[in-house]
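A.B. asks: Quick one: structure below, then a few questions.
Derivation of every value follows stated rules applied to the coordinates shown; laboratory data play no part. Predicted model only: the values in this text are computed from it and were never measured. Here Cβ is always computed from backbone atoms with ideal geometry, including for glycine, and neighbour counts include all displayed protein chains.
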Amino acid sequence: MRNDRRADQPAPKGTEARHFAVSIIIVNWNSVEFVRRAINSIHLWVSSVEYEIIVVDGGSHDGCGQVMAAEFPGVLFVQSQDNIGFGRANNLGAEHARGRHLLLLNPDTQLRENSVLTLLRCLESLPRAGAVGCRLLNADGSLQTSCVQSFPTIFNQVMDAESLRRRFPLWRAWGTAALYSSDPKPAEVEAVSGACILVKREVFDRVGGFCPCYFMYGEDLDLCFKIKQAGYQVYHLPETSLVHFGGGCTDKSGGDFSNVMMRESVYRFLRRNRGIGTAIGYRAALGAASLLRLLLMVPFLLFSLNSIVRHGTGSLRKWSAILRWSLGLERRMVDHPGHSLIKPSKFPIALSSKS
């Protein structure tokens, strides 16, 4: 693989300029070690596919550019001066991509087989497929059920609990039935995780890429929703898998930030796709649910303090943050720099050449 294009030269328009089957886009934010491992696994496993790798640094300035220059000179590195969020960073990478398809890959992933080829064959064999994802595994080999998702509703968001998911894994509200099927064929689903999603470039362009209104979380659901609205299908492919360590980047932001941003992203999804009334109903319902959970924790706080310290403080902090968000008291997190409902998708960037 060789990429001899300078990073300050966006990809030429037109299919004749697309020299690769797949453009692999990795967004970095203070996760250079994960990026290094991800790229090494790509070079180790991917064969029989013409591909390029594009790494976009979302304003972390953690030395990723220097690592790419020293260890992976064939990788196209794009530096954003600001932390612009996951979706917008992927859009930036797509502007420089020359592949017929885009593989959007989290930095904290690691291939264990030639999943790129398997996903590519699946995508190109299904005429109405717009995007396809695969099984995601934890570091211990266990399945991440988040690799297949349903679109958010007030009901499935308020009812969402790990205990219910374990007890009723095939419940339609979760949208994860495809994960438990013994059929190895691709299964049509509502949404797949943005940790690994292969999307046709023409479809990505047609739906406008990721919406810039999401800073983190929810952008993959919104993308899949737009793909289906455009008349294409989204598939889960159980035939192949890769490791997704999870939290490699977002853990650095703190638990409260992640908990709040997850709910804010669902709110924005509902507002964009279901209407303001549904979004307000979701905020109110989640506020009531979080208040109820906190009230149920009071007896444990009074009589089982040691148990709460060992097992419950995370939940206490989590649901307190969610309650504050539902009351509009977490604007400092929601109004994160570079994050806005109305910010345009174009923004100033600084680019580095790695050829």
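A.B. asks: So who's got an amide H within less than 5 Å of the one on Ile197, skipping anything under 5 residues away but keeping other chains? H placed 1.01 Å off N, in plane.
C.D. replies: The answer is Leu104.
A.B. asks: Under 5 Å between amide hydrogens, which residues at least 5 positions from Val189 or on another chain qualify, with H placed 1.01 Å from N in the peptide plane?
C.D. replies: Counting only residues 5 or more places away or on other chains, the set is Val234, Tyr235, His236.
A.B. asks: At a 10 angstrom cut-off on C-beta neighbours, averaged per residue, how do the peptides 56-63, 27-34, 284-291 rank from highest to lowest?
C.D. replies: Numbers: 56-63: 20.2, 27-34: 22.5, 284-291: 17.1.
In descending order of packing, they fall as 27-34, 56-63, 284-291.
A.B. asks: Can I ask one more? For His96, enumerate residues with amide H under 5 Å from its amide H, sequence gap 5+ or separate chain, H modeled in the peptide plane.
C.D. replies: Placed amide hydrogens put Ala11 under 5 Å from His96.
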